[in-house]
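Asks: One structure coming up, written as structure tokens, with questions to follow.
No lab work stands behind these numbers, since they all come straight from the coordinates. As the structure is a prediction and not an experimental result, all values here were calculated from the model. Heads up, the Cβs are rebuilt from the backbone with ideal geometry, glycines too, and the neighbour counts pull from every protein chain shown.
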């Protein structure tokens, strides 16, 4: 079986695949000082399958050695780390190409493979990355903006009196308390930001794309706007599986 690992800034997602079927999925917080023993202690009871290969995407360079050692020590496997030099089957229009985050191109690749092109994929995580691929299979780039959690956190940290609020859809837009006002501003502000960016992208693209959402906050945002058609919380893990199969 294949163990796919997506190392993000806030969380590390694991998926165990039996051929095309995702049989297990779990998440741990991203801690940049983790070593291989600590990784294993957190997930060993969650992997009840014989692992034959490991594929990893990471935006946290500090953890590469730990996960390399984890694979070798506990599975006798040298993990396959995906980077942006891999042939994703897309023409990359990004400058310079080596600065393109591997998480961004994997998301675009996976969306194209699963849903076709043209497509827009929105990854709602610590940052919100929006990627664009046209009908000719050209990765055009996209946008990067602070995630909804960072917006709420910034209001709390950069002011003396505003509290940190739960990220949730408020009952009304017009808040009648400090907490409900912040929730409304953060939530509806972010939905408006998302819709505005996607509409501008569609205008520039000149095509009608599939619009896909993934990431930890995908459901919260996507279920409250009609502009996003598909929620795929396992898009990155599925992309890693497809990349591994393509590399064989």
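Asks: Per 0.36 nm of contour for each residue apart, how much would the distance between residue 65 and residue 46 grow if the chain were fully extended, relative to their Cα-Cα spacing?
Replies: 4.6 nm
Asks: I've got another one for you. What percent does the relative contact order of the range 123-168 come to when contacts are Cα pairs within less than 8 Å and at least six residues apart?
Replies: Relative contact order here is 31 percent.
Asks: Continuing with the same structure: Just the number: Rg to Rh for the chain, Cα atoms, Kirkwood Rh, two decimals.
Replies: Taking Rh as the inverse mean 1/r over Cα pairs, Rg/Rh reads 0.99.
Asks: Something else: Using only alpha carbon pairs under 8 Å that are at least six residues apart, calculate the relative contact order of the chain and give it in whole percent.
Replies: 17 percent
Asks: OK, next. So what's the back-of-envelope 222 nm ellipticity for the chain, counting only DSSP H runs of four-plus at -39500 (n - 2.57) apiece and dividing by all residues, rounded to 500?
Replies: -11500 deg cm²/dmol
Asks: In addition: With angles folded into 0 to 90 degrees, how steeply does helix 178-205 sit against the dominant principal axis of the chain? Use alpha carbons for both and round to 10.
Replies: Between the helix axis and the principal axis of the chain, the angle is about 70 degrees.
Asks: Would you look at the GNM of the chain, springs on alpha carbons closer than 10 Å, and say which of 40, 199, 99 moves the most?
Replies: For the chain, modelled as a Gaussian network with Cα springs under 10 Å, the answer is 99.
Asks: Further question on the same structure: Helix 148-157 against the longest principal axis of the chain: what's the angle in degrees, Cα atoms only, rounded to the nearest 10?
Replies: For 148-157 against the chain, the angle is about 60 degrees.
Asks: Given the convex hull of the Cα atoms of the range 54-126, what is a quarter of its surface area in nm²?
Replies: Taking a quarter of the hull surface, the average projection is 6.1 nm².
Asks: Using only Cα atoms and rounding to the nearest 10 degrees, what angle (0 to 90) does helix 102-115 make with the longest principal axis of the chain?
Replies: Relative to the chain, helix 102-115 is tipped by roughly 90 degrees.
Asks: Taking Cα atoms of the range 2-81, Rg/Rh with Kirkwood Rh, to two decimals?
Replies: Details: Rg = 11.4 Å, Rh = 12.5 Å.
We get a ratio of 0.91 for the range 2-81.
Asks: Please identify, among 45, 87, 153, the residue showing maximal mean-square fluctuation in a Gaussian network model of the chain using a 10 angstrom Cα cutoff.
Replies: It is 45.
Asks: Over the range 185-248, with a single point scatterer placed on each C-alpha, what log10 of the ratio I(q)/I(0) does the Debye formula yield at q = 0.28 1/Å?
Replies: Calculated log10 I(q)/I(0) at the listed q: -1.15.
Asks: Peptides 223-235, 121-133: what's the order by average Cβ count within 10 Å, highest mean first?
Replies: On the way: 223-235: 16.5, 121-133: 25.0.
Highest mean packing first, the order is 121-133, 223-235.
Asks: If you build a Gaussian network model of the chain, linking Cα atoms that sit under 10 Å apart, which residue out of 35, 176, 134 swings the most?
Replies: 176
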